[in-house]
Amino acid sequence: MSPQVIETEVFAELPAKFRKTGSPPERLAAGKSATPMGSFLEGPSFDREGNLYVVDLAYGRIFRVTPDGEFSLHCEYDGEPNGMAIHKDGRIFVADHKLGIVYLKDGKPVPVVSRYHQQTFKGVNDLTFTENGDLYFTDQGVTDMADPSGCVYRYTAAGKLEQLANCLPSPNGLVVDGRTVYVAVTRGNAVWRLPMTPEGKVVRLGVFLHMSGGRGPDGMAIDEKGGLAVAHVDFGAVWIFSHRGEALYRVNSCKSDMVTNVAYKGNEVYITDSGSGCILRAKVPTPGRALFSHL
């Protein structure tokens with residue numbers, strides 16, 4: 001049975017006053033591509049008042065979007081914010097490709113963890129909290145099929161950094177469901193499953209589902225039934241899979257093929273469309289799971 005198609009609408013569009021021209025010289029020197037839309041939106045996360053926060057990876061900015069779709073600049077700093085999660089105490093935590101894991105204080109990044117075994121990360125990508133306060137994050141860098149050395153880490157509430165896996169070709173978005181971590185492996189065009197023992201050790205790591213076309217999966221979110229919403233870069237869609245890995249819905253972008261991440265707000269999904277500088281919205285049958293970081 002083919003997945004049911006769900007169409008999106010534009011919830012909010014980055015105003016012209018916030019769209020920058022040119023690209024940071026350091027970004028270009030590092031081999032990054034230019035950003036023709038004047039931004040690269042990613043990392044959607046809701047606060048308890050219903051405001052949506054998104055990052056601008058290309059220009060080191062974080063925006064706040066009201067429930068009415070109005071953009072405002074929350075902060076700007078010298079970094080490359082990629083993933084974001086809001087802690088239950090209200091702090092905004094960021095997976096910054098350049099700086100590591102940080103949280104924001106008065107609009108400035110405060111380091112949380114930036115290296116493992118005295119070596120800096122390759123380039124962290126996304127992060128999520130669990131009920132007990134543990135923080136899981138991916139270290140993607142420029143890993144790929146030729147260099148499958150991307151990592152997944154857990155930074156415990158007690159302050160201990162643990163490496164869970166170090167063999168992924170481009171680990172990107174991730175969610176945690178009980179004792180299982182699901183990771184979007186972009187260059188492998190798949191979502192991997194990392195089951196954990198009661199002690200927290202990963203065993204029998206494997207592929208949960210294969211995808212095809214596009215560039216591969218990016219950001220992910222989880223619904224109340226344990227299904228995964230997966231943003232598919234260059235495919236112009238967010239796929240919603242059941243807990244078994246069956247494709248139930250295809251949520252089509254109404255703007256561009258460059259959809260990068262997704263977040264739930266009740267029975268709605270909010271999608272960052274980086275190719276247009278827009279945030280898209282669609283109603284879906286199953287509501288998203290309440291994030292522990294918002295409790």
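What FRET efficiency, computed as 1/(1 + (r/R0)^6) with R0 = 51 Å and r the Cβ-Cβ distance, is obtained for Thr66 and Gln163, rounded to the nearest 0.05?
Working: r = 39 Å, r/R0 = 0.76.
For Thr66 and Gln163, the calculated efficiency is 0.85.
3J(HN,Hα) along region 58-72, derived from phi through the Karplus expression 6.51 cos²θ - 1.76 cosθ + 1.60 where θ = phi - 60°, amounts to 5, 10, x, 10, 10, 10, 10, 10, 6, x, 8, x, 8, 7, 9 Hz, with x in place of Gly and Pro. Across region 30-172, the relative contact order, built from alpha-carbon pairs under 8 Å that are at least six residues apart, equals 13 percent. Rg/Rh, computed from the Cα trace of the chain with Rh as the Kirkwood radius, has the value 0.93. Surface exposure of region 1-101, expressed per residue as accessible area with a 1.4 Å probe, stands at 47 Å².
The phi torsions of region 38-45, fed into the Karplus equation with coefficients 6.51, -1.76 and 1.60 and a -60° offset, translate into couplings of x, 5, 9, 6, 7, x, x, 8 Hz, rounded to whole numbers, with Gly and Pro shown as x. Here the accessible area of region 1-115 is 50 percent carbon and sulfur, with a 1.4 angstrom probe and all protein chains present.
Roughly speaking, what is the centre-to-centre gap between region 97-137 and region 148-203 when only Cα atoms are used, to the nearest Å? Cα centres, region 97-137 to region 148-203: 15 Å. Other residues whose C-beta falls under 10 angstrom from the C-beta of Ser253 contribute a net charge of -2, scoring Lys and Arg +1 and Asp and Glu -1. Partners of Lys122 within straight-line reach, counting lysines whose Cα lies under 25 Å from its Cα and excluding those fewer than 8 residues away in the same chain: Lys32, Lys98, Lys105, Lys108, Lys160, Lys201.
Calculated from the alpha-carbon coordinates, region 4-150 shows an Rg and a Dmax of 15.9, 48 Å respectively. Amide H contacts of Phe208 (H built 1.01 Å from N, in plane; Pro and chain starts excluded): Val191, Trp192, Arg193 sit under 5 Å, all sequence-distant by 5 or more or on other chains. Note on Ser242/Val110: beta-carbon distance plugged into 1/(1 + (r/R0)^6) with R0 of 35 Å gives a FRET efficiency of 0.35. Solvent-accessible surface of region 153-295, taken per residue with a 1.4 Å probe and all protein chains present: 39 Å².
The overall shape of region 166-295 is oblate: from the C-alpha gyration tensor, with semi-axes ordered a ≥ b ≥ c, the ratio a/c is 1.5 or greater and a/b is no larger than b/c.
Once backbone amide H atoms are built at 1.01 Å from N, Tyr249 has Gln4, Ile240 as its partners under 5 Å, excluding neighbours fewer than 5 places away on the same chain. With θ taken as phi - 60° and the Karplus curve 6.51 cos²θ - 1.76 cosθ + 1.60 applied, the whole-hertz 3J(HN,Hα) list for region 185-190 is 9, 4, 6, x, 6, 7 Hz, x standing for glycine and proline. A full extension of the chain between Asp234 and Lys32 corresponds to an added length of 71.0 nm, given 0.36 nm per residue minus the alpha carbon distance. All C-alpha pair distances within region 127-209, sorted into 5 Å bins from zero, spread as 3, 16, 29, 27, 16, 7, 2, 0 percent across the bins. Which of these, Leu205, Leu127, Leu41, has the largest mean-square fluctuation under a Gaussian network model of the chain (Cα springs below 10 Å)? Maximum fluctuation in the GNM of the chain, among the listed residues, is at Leu205.
Taking amide H as placed 1.01 Å from N in the peptide plane, the amide H of Gly216 sits under 5 Å from that of Val233, each at least 5 places away or on another chain.
The values are calculated or read from the model by the stated rules, or taken from the named source; none is laboratory data. Please read these numbers as outputs of a predicted model, since none were measured by experiment. When we count neighbours, we look across all protein chains shown, and the Cβ atoms used for this are built from the backbone with ideal geometry, even at glycine. Calculation scope for accessible area: heavy atoms of the full protein, side chains included, ligands and nucleic acids excluded. Shrake-Rupley method; radii C 1.70, N 1.55, O 1.52, S 1.80 Å.
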